[in-house]
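The values are calculated or read from the model by the stated rules, or taken from the named source; none is laboratory data. What you see is a predicted model, and the numbers here were worked out from it, not measured in a lab. Virtual Cβ from ideal backbone geometry, glycine too; neighbours counted across all protein chains shown. Side chains are part of the model used for accessible areas, which takes the heavy atoms of the whole protein and leaves out ligands, DNA and RNA. Shrake-Rupley method; radii C 1.70, N 1.55, O 1.52, S 1.80 Å.
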Amino acid sequence: MANETEEQDLKERKEPDPSRRNFLKNSGYAVGGLIVGGVVGSLLRSPNKSTTNNTNNNGTTENKTPANETVNFNQALMYFTQEQFLITEAATERLFPADDNGPGAKELGVAYFIDHQLAGEWGVNGREYMQGPFYKGETTQGYQGRLKRREIFDIGLQEMQNYSNKKFQKKFKDLTPEQQDEVLKDFETDEVKLTTISASGFFKTLFGSTMEGAYADPLYGGNGNMGGWKLKNFPGNQMSYTKIIEQDKFEKMAPVSLREHLPHS
């Protein structure tokens, strides 16, 4: 009798209940592939099933990135839709444009910085008191509304798109630089009349985020190659200044990011 029980247990371990297997697969699909995309998902996928992404007509895998190009895998969207990202990238480039002095917001990755910030606690005002009652505050008190930053960007970017379409019959990213400046100026001066948010309030948030993305440590997704720091001759995160603190002249130093403080083998 004991042997029969052991054989049955062993059989159940080798052959999972099909209904339970189907439940796990369906559950993974129901939550947007979170389960299927993880460890459990790798166990549920059918063997020898080739992926269809990045394949050519011959069925061979195609690498879209040139072999000699360095890929920054941190440059991926965590919150924005592609359309929102393109609006943000175009707008931040006008607020912090490239010129003869150095790179602009696009090259520095500022739009990725904003996207990553919105995906985290900053985007949901995680460290701020967000309960009512909501009264109009003094200008020195900062933002006093009920909307989270994610919601402000969702509304603001859509309204920027709507205003561009209405005024120039084009999407914001397709406008000329001069037209984009005109749209941004209309938001800054509250020429654009919005009901859910303040146009100038959104502009200030966008402008502040652009500056932060240009000058924050590259760890956070912006300030690519420390280009923002190099524009200002900012030394970054130096361990100390003991060697130059007593000097009477200005010492120009190559910037150092937080990454440089990792232990090296």
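In table form, for the structure just shown:
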read-out	value
Filter result (over 26 Å from the mean Cα position of the chain (by Cα) and of a type in the set (S, T, N, Q)) within segment 107-148	131, 139, 140, 141
Identity of the residue in segment 121-134, without any contact (Cβ under 8 Å) to a residue 12 or more places away in the chain and of a type outside the set (Phe, Trp, Tyr), that ends up nearest to residue 75 (Cα to Cα)	121
Positions within segment 172-198 being under 23 Å from residue 142 (Cβ atoms), modelled with pLDDT of 95 or more and buried (at least 18 other Cβ atoms within 10 Å of the Cβ), in sequence order	184, 187, 192
Single match in 190, 248 (criterion: charged (D, E, K, R), over 23 Å from residue 87 (Cα atoms) and out of contact with any Lys or Arg (no Cβ under 6 Å at 6 or more places or on another chain))	248
Enumeration of residues in segment 146-170 that are part of a loop (DSSP other than H, G, I, E, B) and either β-branched (Val, Ile, Thr) or free of Cβ contacts under 8 Å to residues at least 40 places away in the same chain (or both)	146, 148, 169, 170
One residue from 123, 145 being open to solvent by less than 70 Å² (accessible area, probe 1.4 Å) and under 26 Å from residue 82 (Cα atoms)	123
So residue 161, is it in contact with a Lys or Arg (Cβ under 7 Å, 6 or more places away or on another chain) and open to solvent by 40 Å² or more (accessible area, probe 1.4 Å)	no
Residue that is farthest from residue 153 (Cα to Cα) [pool: residues in segment 91-120 that are open to solvent by less than 30 Å² (accessible area, probe 1.4 Å) and among the aromatic types (Phe, Trp, Tyr)]	96
Pairs with Cβ under 7 Å, 6+ apart, first in segment 216-235 and under 12 Å from residue 112 (Cβ atoms), second part of a loop (DSSP other than H, G, I, E, B) and of a type in the set (D, E, K, R)	223/217
Test: residue 154 is in the same structural domain as residue 183 (by TED's automatic domain parsing), open to solvent by less than 50 Å² (accessible area, probe 1.4 Å) and out of contact with any strand residue (DSSP E or B) (no Cβ under 8 Å at 6 or more places or on another chain)	no
Inter-residue pairs, beta-carbon under 8 Å, first within 19 Å of residue 187 (Cα to Cα) and acidic (Asp, Glu) and in segment 86-114, second in a helix (DSSP H, G or I) and open to solvent by 30 Å² or more (accessible area, probe 1.4 Å), 6+ apart	89/106; 89/173; 93/106
Qualifying positions in segment 222-265 - farther than 30 Å from residue 70 by Cβ and open to solvent by 100 Å² or more (accessible area, probe 1.4 Å)	242, 243, 245, 246, 248, 249, 250
Pair list, Cβ under 6 Å, 6 or more apart: segment 198-215 residue closer than 12 Å to residue 88 by Cα, other residue among the polar types (S, T, N, Q)	210/92
